[in-house]
Amino acid sequence: MIDQVTVDKVLETANSQIIEVVSDYVTLRRRGINYLGNCPFHNEKTPSFTVSPHKGIFKCFGCGEGGNALNFVMKHDQLSFVDAIKYLGKKFNIEIEEEEYSPEQLKQKNERESMMVLSEYAGHFFSKNLNETDEGKSVGLGYFRSRGFRDDIIEKFQLGYSPEQRDAFTQEAQKQGYKLEYLEKTGLTVVRENYQADRFRGRVMFPIHSLAGKVIAFGGRILKNDKKTAKYLNSPESEIYHKSRVLYGIYHAKQEITRQDRCYLVEGYTDVLAFHQSGISNVVASSGTALTSDQIRLIARFTKNITIIYDGDPAGLKASLRGIDLVLAEGMNVKILLLPDGEDPDSFAKGRNEEQLTQYIEAHQQDFIKFKTSLLLEDAQNDPIKKAQLIQDIVRSISIIPDSITRSVYVKECSTLLKVDERVLMQETGKLQRKKQEEDFRRNAPRPDSSMQPRPAETAPPPEKRTPSNPLELEEREILRFLVKFGERPVNPDEDEKVTVGQYILHELRQDDLLSVNPIYNKMMDAYEAVSDKTELPALKFFVNSADPDLSRLASDLVGKEHDLSKIHHKFGIVTNAEELLPNLVPKIVMELKWKKVKTVIKEKRQQLQQMEVNGNMEGLMELMKELNTWQQVLAHISKELGGRTIV
Ligand SMILES: [Zn+2]
């Protein structure tokens, strides 16, 4: 836990130097008072990603992504709030003081951290062994070189070698002060009653990195031709390593996956290395396990497009079809690339440069229906029973897809490809879906976590959540925009008693109990209320630096679209500098909101009135008419203030 003072300090520093923060990831060019670059969150050729050093915010006009410096690193590196603060603190040399943990938290944290530190050390140990010892050089390095891996790839992935000697690592680690407890918990050492031994011996080592780039486990490949030992050995499950939730190479791939909006999925460690060596880095492997839903959701954080690359071995192929269904079930788009006979991704990538590889993949990747059909149709062509099975099989896969439009597209394709009536296929998918729903219902299975759903498509509205039916949306946003932009300025500088824009807005809305149906809008008001007497605090800075991502995001969104002259301004024909007009504008936008609010209330009351007439509720009718009359007077009053608006 980081204390609030430190958080504030980091935020303020980072936002005031947002250009430096973003420049670590994006090449920015100056354009007027802002900076422009290619958006790292969606794939684009012409830059629409804008950073404002004065406001301390970024905004992409292509995909809608926006926020402050903290939001940027959180989103870009998929960091937690705390990790992002730590990262920025380090960058700007701000010491992060952490608050006390409870003894229980401390124990858990210490344990995890100790295991992480040990894993990191083990990584160094193995890599040093590979590069500096005779055994490592001749056996380990010799192996990687014979497989054609370049030194930069060996270094990038921290490849290593574990010596033959039974406890070389365990001994050295203990000598360095690492406790046997953690050696055992990470699985690096196998502890028996009367002896300890290294788990990995005489193997080339592949460190497995977490999403944040920390070493959390290892895969080791044996080089001797020993029938008794498994070729590949992995670290066991531990507090820091959950096989089913980790993908090999994700740390080195995540940025490029986002940029390319596609992830290649291969099988083994060396496949990943070979792709990197060819210049393609949006690639991961599900090493050590069959593909899991958690692994797919991990990819879904960066893209919804997966290409699974299979080698041409038919035996392996049919077993891997399950993976395709899992990807479909997560609502992802899946393509399949089948490599030519006798090639695996490793051998295939080695013979090609980036361009050739990309071209081949693009030309040969197929959707799953074409893939399954081409895989199975050959035996099924002249066998009606087998053909029926194939159709059933494909229909089952289609019925897994959560999105109905995607489903119908595939039904159409399947119909054309297999020459089956579309309606029949539609009926079949429908049947399977209902069956599945019933099963889910019976099992009372929780619905899939919506936060794990793939990112909205490029065409979707900006990620900021909007309440769907808010009749006051426009007016409320306008008021909040003034609050963010001018909150600390006096409404009327000529008056003796200087009320700020923020204070005025708060007072006006609070006295009439005007709450929004949008909880984030209310949160913004509440947050400002707490600081509204600090007139020296610029509201924009306050909101943009807010540790609450809802608020910083909304604030950047509100001030990010200044050129889009709001409809309200338009009504008044105002095109000049808004600041000079604060004494007029602020009361006016508040009045606009009230006017719209009263209109909405009157509309509701009229509907109630009609209902009462229908029901013949005479008493209620009289009551309501009185009420309605009062509201009409209020509306007339407001209309007059607004300069004689006709009442409709
Ligand atoms: Zn973008």
**Prompt:** Tell me, 401, 361 in order of fewest to most beta-carbon neighbours within 10 Å?
**Reply:** 361, 401
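With the contact rule set at Cα under 8 Å and sequence spacing of 6 or more, what percent relative contact order holds for the chain?
For the chain, the relative contact order is 10 percent.
Mind scanning 91/534; 86/485; 90/243; 59/350; 214/370; 370/436 and naming the pairs with a C-alpha gap bigger than 32 Å?
59/350; 214/370, as the Cα separations exceed 32 Å there.
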**Request:** Using the Karplus curve 6.51 cos²θ - 1.76 cosθ + 1.60 with θ = phi - 60°, work out ³J(HN,Hα) for each residue of the range 243-258 in order, rounded to whole Hz, and write x for Gly and Pro.
**Result:** 2, 6, 10, 10, 10, 6, x, 4, 4, 7, 10, 4, 5, 6, 4, 4
**Asked** Can you give the % of DSSP beta bridges in the chain that are antiparallel, to the nearest 5?
**Response** 75 percent
**Request:** Before anything else, pin down the relative contact order of the range 110-241: Cα pairs under 8 Å, at least 6 apart, normalised by residue count, whole percent.
**Result:** 25 percent
**Prompt:** Taking all pairs of different Cα atoms in the range 228-305, averaging 1/r and flipping that mean, what Kirkwood radius in angstroms comes out?
**Reply:** 13.0 Å
**Complete:** Here the averaged projected area of the range 174-260, based on the convex hull of its alpha-carbon atoms and given in nm², is 7.8 nm²
**Complete:** Beyond 18 Å (Cα-Cα) in this structure, taken from 9/541; 541/588; 9/109; 109/179, we find 541/588; 9/109
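Beyond 15 Å, what share of the Cα-Cα pairs of the range 4-91 remains, rounded to the nearest whole percent?
Percent of Cα pairs beyond 15 Å in the range 4-91: 54.
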**Fill in**
Measuring from its Cα centre, the range 4-91 shows a charge dipole (+1 at each Lys and Arg Cβ, -1 at each Asp and Glu Cβ) which, in debye to the nearest 20, is 240 debye
**Asked** In whole Å, what three semi-axes, largest first, describe the equivalent ellipsoid of the range 250-445 built from its Cα gyration tensor (square root of 5 times each eigenvalue)?
**Response** 30, 20, 14
**Asked** Rounded to two decimals, what is Rg over Rh for the range 473-641 when you use alpha-carbon atoms and the Kirkwood radius?
**Response** 1.05
**Request:** Would you please give the residues with an amide H less than 5 Å from that of residue 335, counting only those at least 5 places away or on a separate chain, with H modeled from the backbone geometry?
**Result:** 306, 307, 308
**HN-Hα J in Hz across the range 122-135 - Karplus 6.51, -1.76, 1.60, θ = phi - 60°, x for Gly and Pro** = 4, x, 4, 4, 5, 5, 5, 4, 5, 8, 10, 9, 4, 4
**Request:** Write down, largest first, the equivalent ellipsoid semi-axes of the range 70-120 in whole Å, where each equals the square root of 5 times an eigenvalue of the alpha-carbon gyration tensor.
**Result:** 23, 14, 11
**Message:** Can you give me the long-range amide H partners of residue 223? Hydrogens built in the peptide plane at 1.01 Å from N, cutoff under 5 Å, separation of 5 or more residues or another chain.
**Reply:** 204
**Prompt:** If you bin the C-alpha pair distances of the chain every 10 Å from 0, what whole percents do you get?
**Reply:** 3, 12, 18, 20, 18, 14, 9, 4, 2, 0, 0
**Complete:** Percent of all Cα-Cα pairs per 10 Å bin for the range 110-241, counting from 0 up to the last occupied bin, reads 13, 46, 34, 7, 0
**By average C-beta atoms within 10 angstrom, highest first, the peptides 81-94, 374-387, 523-536, 324-337** = 324-337, 81-94, 523-536, 374-387
**Karplus 3J(HN,Hα) series, Hz, for the range 412-422 with 6.51 cos²θ - 1.76 cosθ + 1.60 (x for Gly, Pro)** = 4, 5, 4, 4, 5, 5, 9, 6, 10, 4, 4
**Request:** Determine which lysines satisfy two conditions relative to residue 605: a Cα distance under 18 Å, and not lying fewer than 8 residues away in the same chain.
**Result:** 594, 596, 597, 626
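Computed from the coordinates by the stated procedures, all read-outs in this text should not be read as laboratory data. These numbers were taken from a predicted model, which means no experiment stands behind them. Cβ atoms come from the backbone with ideal geometry, glycine included; neighbour counts cover every protein chain shown.
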